[in-house]
Structure formats: C-alpha cells, structure tokens
Amino acid sequence: MNNSLPLQNPQNPFRVPPALVALGLSMLASLALLFPFFRLGSASGHDFEFHVASWLDVAYQWKHGVLWPHWTAWTNYGFGEPRYIFYPPLSWLLGAVLTLVLPISWVPAAFLFLTQTFAGLSAFVLLRRLTSTGAAYLGAVFYAANPYALLLSYIRSDFAEQLACAIFPLLLLEALRLGNLLPEEKPTLSSVPWFAIPFAAIWLSNAPAGVIVSYSMALLLAWAALAQASWKVAARSAAAFLLGLGLAASYLVPAAYEQRWVNIGQALSSGLLPSQNFLFTRIDDAEHTWFNWISSLCAVALILLTAMTALCSRKLAGKTSSLATLRSVWGNLLVLGLASVLVMFRLSTPLWNFLPKLRFVQFPWRWMSILAAISCCFFAAAVERRRGWLWFAFFFLFSVALGVFLSQNTWWDPDEMATQQAAIANGSGYEGVDEYDPLGDDHLDLPKQAPAAAILPPSTEEANTPAAAGKVQVELWQPNEKQIAVWSAQPARVALRLLNYPAWEVTVNGLIVPSQRPDDVNQMVVPVPAGKSEIRVRFRRTPDRVAGVAISLISAILGLGLLRSRRSLA
C-alpha cells in the first residue's frame, strides 16, 4: 500500500522540489509585505527620491548610448554629479532595467518584490544546512518579512540596502563553511571564491552594508579560528576577504581614491552621525528623534525575537560542554548576534570612533541587517520544536501589527515616480546630494534654469560688463561628452551647465586647457580666443578606474580557477 502512495516515494518524479516551495512561500511573503502598496501607491521613505532619480537617470543614459554611467545627467538641475562613481552599481542597474520594462508606477513595488523574494530564497539555502526542511520554509518567510525588512520597505526606502540584505544569508552560509563550522561539510579551495562572490556582491549593492559585513564576518571567522585554535581558518578567511575585495575593486578603488575630489565629509553632517542615532537617542530635531525611536522599536523587537527563539531552540544547551557550544555553529552565531546588539547602543562609542570607516555606516541600528539573519536561524531552530508552529503564528500576528504601524507612519505618494520622470522629460532635473558635490561647490546655490552654454565677459575683473558679442551652438550634449561651437569677436569665457571635476578633460580647438570657475559656484567656465572655437569636454577614464577594473579582472580569473578545485582545506 505504501508503494502505491506517490507522495511517499522519494523517487516520485512529481515531487515538488524544496527550492520551488521556498520560492513560492517567499513570493507570498513579499506580496503580503507589499499589500499597502497596492492600495496607497509607493511608500516615499527617506531615500526614495535618491534611488528613483538614479534609476531614471541611468535609463536615460542607456537610451543615449552611455552603457556604464559615471556622471549623472539630471542631478543638480542638469549640472550633474559623479554619483555613479561613489554609489555601488547593482541597485541602480536593477532599478534602471525595471523602469524600461514596467509601467513607471510599478517599479518600486517590483524592486521590493524581487529583493524580498530573493531574500527568502537565500535564507532557505542557509537554513537547509542548519535545520529541517519544514523549519527552513518558515524561516525563509520570516526573513522575507522580518522587522528590519519592514522598516526598510515602509520608512527608509533604501532599496540598495534591501538588496544587500537579501544576499546576507548566502554570505553567512559561506562564512560558516569557510570557518569549518558545518559538521558535515569540510572547506575546500572553492570555499574561498564562494565566500568572495556574495561578499563582493554586497559591497557592490550598498557601501554601509559592505562595511557591516566586513566587520561582522571578520568577527565570526576570527572567533571560529580562536575557538578551534586553527591558523588554517584564519589564513583561508584572509584569502577570501582579499579575493572578495578584489572582485569589487572596480567600484572600491575609484570610490576610495576620488573621494578627495568631493565633499564626502557631508555624509557625516548633523543628523547622520552615529552618536545621534544610537537606540532611543534624542536630538533637537523632533522628526529625526521620532524616526530614531521607530527604528529603535524595530531593533528591540528583533533583539527580543532573537533572544527568545535562541533560548527556546535548545541549540545552545543540552549535554554539550560550554567549550563545545562556543565552538559550534550556534555558539558562533550567538557571538555575532550579541556583537550586533552591542554596537547599537551608546556604550559602543569607542568602536565607532576608532574602527576605520565604521562611522560611515551612520546609523548603528543598521546592524539589524546582521541581527535579522541571526534571528532567522534561531527562529527556524525554535520552529523545529514540538508546537513550534506557535512561533510562526506569533511572528505572523506581530508582523501584521508592525506593518500596520509602520505604514501609518510613512509617506505614501502614488505620483512620485511620475514626478521624477517628468523632471527629466521637461529638462528641469532635480537636486543633488551633499556628499557627492565636487569640492568648492555648494549645489544649493546652482541656478535651476541655466542654459547649456553661455558667453561671459572675458575675465572675472570685468564680470559687471556686458558679455562679448558672439554665438554659441551646442553640437553634442551627452552625459559623458559635450561639444560646443563658439563664435566670438574677442576673447571670451563660456560657462557650461556642468560642474568642474578632475575627470573632465577640456579641449579648445584640440588643445587641452584648464577650466575656470565663477566666484560663487564651481561651474565649469572655458576660456576661448577670438574667432571660431570648438570646445570639447570629455569624461576621461582616470588611472584609478583603470586600476580598479584590472584588479577585478585578475580576481575574477583567480576565483574561477579556485572554483574548479576540490582540494580540502580542513
């Protein structure tokens, strides 16, 4: 009789693959998260305009033949900024693709649907190595709609960080494998690139997330090496980190080198300092304080969920000794979780002050991104217990309540995407970002309706005199190249709707000339002689970008070679 039941036959060809079940459940969780979007439009959180503008700008440049943008076309009302050098590419590439294939109002929801579905699926891949398949299914749903994902979706609208968080479980799995923490799997040479790939992908998604995973994975692997007293763990971990950074070098090298050319310090202006964003911190800005308290409540909820599920999972107790527990995968996860909680509170101030680049994470509660992955693991372990389904029922009710609260404390604007699109269509553009403003400029002082090119008086001393008689004709105005023909009866200066930046190469009649600027803003001004002149401005490939691409290519070749190896590193 048993053989006649097809569902009990492990060789049954009609058995649904577990990954497909996990995919379906993750999609359902993502759709549940997006339910308010179907009624109210897009949640216009803090970073919504920034990301939408980036997507639309990239799509605009693709239509004009610029396949890999570096300079924006429409920020700062058309003066541009080097945003795509400093902001990691994966999120704006995905967003731009969606704007080309979907109705514009659908794009934010589609982006979240894809990222959260992938988040659930990647959590399932991790949890299948740690728990039963059934528990991994529920853990995938938990991760797709965890409290931090709800905060990002409704209040923050930080699409890039959400994409990075979707990759976290895959990186955590490879870190556990690399640290020899999975009992049934021994690390091989291929473990090094398998760690490096998601590590690089996170850096290429969101820079603060890259800083967080760098420190968190370093802590996890250092703890594993110490607990096992193994130099091999330390050595292969270092190799994996270097390979991952090498794969991301095409972004990291230019971003690190060229930050000296912009006002990067504005990323740590008032309201963005870690000291102002520890849990339940108050500052004079009431709106900032209210948001910080909302984030803090989400963090406390996630901390309590992690603590309760860890205690109920019995993975940290039983007959094993304390030393064996610390060496186990669950002991290492607990250490990482405790560290993630610690850095959210003010007592961790020395770490934020002294650890390199940690302060650029800005918001300590961003460490919820790591804690969510840890909580997902303990949640799945707790679900494995008898009556473990009660944990899922509790999580469902809690998520609905939290989702309602967050959706009522954000801004909903069904027309925001169309407004951003119209800013490009009518040529008005939109504001830029403080930290990407080239040195010597204040983008708030830039004129909103400047012509592409205009003749100025021949020198700054004659600024109050009429401009020289002449004619300007714009022959080419692409995001990465401008060509202007000028006819002037006497030497003159031509002001372009463009900001000075060292990567711009300016030639007049084929000769490279240094650009000038007015006294008030860092607008590009080009001196020309009397008669006819041909001005060409080209965004050149700087040595740092060449070096970054070369390092990434070498790292990719090395990684491919290591992937083919099955040599044990245990």
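Matching residues to (1) surrounded by 21 or more Cβ atoms within 10 Å (Cβ to Cβ); (2) free of Cβ contacts under 8 Å to residues at least 24 places away in the same chain:
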position	(1), (2)
Thr188	no, no
Leu220	yes, no
Leu226	no, yes
Phe241	no, no
Asn263	no, no
Ser270	no, yes
Leu273	no, no
Gln276	no, yes
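Among the residues making up region 490-536, those that are of a type in the set (D, E, K, R), under 20 Å from Phe79 (Cα atoms) and either in a strand (DSSP E or B) or not assigned by TED's automatic domain parsing to the domain that holds Asn480 (or both) are Arg493, Arg497, Glu505, Arg536. Residues that are more than 30 Å from Asp434 (Cα to Cα), touching a residue at least 12 places away in the same chain (Cβ under 8 Å) and part of a helix (DSSP H, G or I) are absent from region 199-215. Just one of (1) under 23 Å from the mean Cα position of the chain (by Cα); (2) within 25 Å of Leu558 (Cα to Cα); (3) polar (S, T, N, Q) fails for Ser237. It is (1). Only one of the numbered conditions (1) polar (S, T, N, Q); (2) crowded, with 22+ Cβ neighbours inside 10 Å; (3) not in a helix (DSSP H, G or I) is violated by Ser375, and that is (3). Can you tell me which residues in region 60-85 are surrounded by fewer than 22 Cβ atoms within 10 Å (Cβ to Cβ) and part of a helix (DSSP H, G or I)? Hits for region 60-85 are Tyr60, Trp62, Lys63, Tyr77. In region 415-429, the residues that are of a type in the set (Ser, Thr, Tyr) reach residues that are surrounded by 21 or more Cβ atoms within 10 Å (Cβ to Cβ) with C-beta atoms within less than 9 angstrom, at least six apart or across chains, in these pairs: Ser428/Trp74; Ser428/Gly78. For region 537-559, state whether one or more residues are part of a helix (DSSP H, G or I), in contact (Cβ under 8 Å) with a residue 24 or more places away in the chain, over 26 Å from the mean Cα position of the chain (by Cα) and within 30 Å of Leu189 (Cα to Cα). No. Just the residues that are under 29 Å from Leu152 (Cα atoms), assigned to a loop (DSSP other than H, G, I, E, B) and either modelled with pLDDT of 85 or more or within 23 Å of the chain's Cα centre (by Cα) (or both), please, taken from region 414-458. Gly429, Glu431, Gly432, Val433, Asp437 - these are the residues of region 414-458 that are under 29 Å from Leu152 (Cα atoms), assigned to a loop (DSSP other than H, G, I, E, B) and either modelled with pLDDT of 85 or more or within 23 Å of the chain's Cα centre (by Cα) (or both).
Looking across Leu182, Leu173, Leu100, one residue alone is surrounded by fewer than 23 Cβ atoms within 10 Å (Cβ to Cβ) and part of a helix (DSSP H, G or I). It is Leu100.
The values are calculated or read from the model by the stated rules, or taken from the named source; none is laboratory data. None of the values given here were measured: they were computed from a predicted structure. Using ideal geometry, Cβ is built from the backbone for each residue, glycine included, and neighbour counts are taken over all protein chains shown.
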